[in-house]
Each structure stands twice: as structure tokens, then as C-alpha cells.
Amino acid sequence: YPTPYLLHYSQSYQKQFTEDLDGWCRRMNGVDVRIIRIFNTYGPRMNPNDGRVVSNFIVQALKGEDITIYGTGRQTRSFQYVDDLVEGMVRMMNTEGFSGPVNLGNPEEFTMLELAEKVIEMTGSSSKTVFRPLPLDDPTQRKPDIRLAKEKLGWKPHITLEKGLEKTIAYFRG
């Protein structure tokens, strides 16, 4: 039996195109496609220079450099540990009769300042926070609505930010 294709996207401009392509593939070719929307995932094996906030903060803290926060630091983000994402993806692939789209992310919010302070504390760093202007297109909040993932997949994230950071910091130290 054919394996369903799993489409994911993170760029908002690709969203509509991907969903249209999904519908077309399903209607015209009978392709079993599943769509997930991935939110702010982190964990071991991240590229230290990928520009993501978690890896940036950890690398800066481990080097004893100032931690750069854009804006006031009050904007919030939700952080999902990679193991939770993989579990959600597997559940999506194994769920019959549901193609999505479904949001996979952690709805627990943290401010950028809270994240920076947590990373400094957990690394034992002497880093200080410095503030730079907030880019104009940077949203003040990113929080996924995972009600559909809970309902259709029986999925929710289990790994706390602290536990995930602990594992990710250990990886970057190694």
C-alpha cells in the first residue's frame, strides 16, 4: 500500500500554493498527501549558524558573548522540541482519513527576554543581553493553535522548554 506524502512548510507565502498543490495532487492523481505546519522547532544537531533564536542564544551564551535581542524582548515565541515534532509527524502519517493541514508546535509562550535569561542561567554564562531595533516584519506573537492536532492525532507536545534546552545545550557544548 502506498505511503502518504507529507508536505510541510514554514514560509507563509508558500502556504496557499502548497495547499492548492495538495488538493490538485489528491483530486487529479489520487495521491495520499498530508499537510503539517511546523512551528519553531529546536534541538540537538541544529546548525549553530542557522539564524534561529534558540541556537543563536545558546552559541552566544557558550562563547560568553552578549545575547542579542531584537526589540524590547517582550515579543513571544513558542518553542517545540524536535522529538515532539517527530512524534506528531509519525502520528499524521499513520492517521487515515485526515490530510490536514494541522499545526505542530508548542503553544506555551515565552518572551525573548525570558528565553535569553533561561539560556544564560542554564549555560552558567556571564553573557549580558543587548537590544537592537526590531525588524519591521517581526510579529509580536507566534503561538500555534494545536486543537486539531489534539483532536485528530491525539497529539500534544510533552517536552518542556527546560528539558529541551538542557539536551540542546549539551549538544552545543560537545
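Per-structure values
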quantity: Protection proxy ranking, peptides 62-75, 122-135, average beta carbon neighbours within 10 Å, highest first; calculated: 62-75, 122-135
quantity: Residue-wise HN-Hα coupling along the stretch 113-124, computed from phi with Karplus coefficients 6.51, -1.76, 1.60 (Hz; x: Gly, Pro); calculated: 5, 4, 4, 4, 5, 5, 5, 4, 4, 6, 8, x
quantity: Hz values of 3J(HN,Hα) by residue in the stretch 55-71 - Karplus curve (6.51, -1.76, 1.60), Gly and Pro given as x; calculated: 5, 4, 5, 5, 4, 4, 5, 5, 8, x, 7, 4, 8, 8, 10, 8, x
quantity: Sequence-distant residues sharing a close amide H with Thr129 (under 5 Å, placed H); calculated: Ile67
quantity: Förster radius 22 Å - calculated FRET efficiency between Glu96 and Lys150, Cβ distance, rounded to 0.05; calculated: 0.80
quantity: Extension gain from Val31 to His158, taking 0.36 nm per residue of separation minus the Cα-Cα distance; calculated: 42.5 nm
quantity: Sorted peptide list for 39-49, 111-121, criterion being average Cβ within 10 angstrom, highest first; calculated: 111-121, 39-49
quantity: Potential extension, Val130-Arg173 segment - 0.36 nm per residue separation minus Cα distance; calculated: 13.2 nm
quantity: For peptides 146-156, 81-91, sequence by mean Cβ density within 10 Å, most packed first; calculated: 81-91, 146-156
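Just so you know, all these numbers are worked out from the coordinates, no wet-lab data involved. Please read all numbers here as calculations on a predicted model, not as lab measurements. A quick note on method: Cβ atoms are made from the backbone with ideal geometry, for glycine too, and the neighbour counts reach across all protein chains shown.
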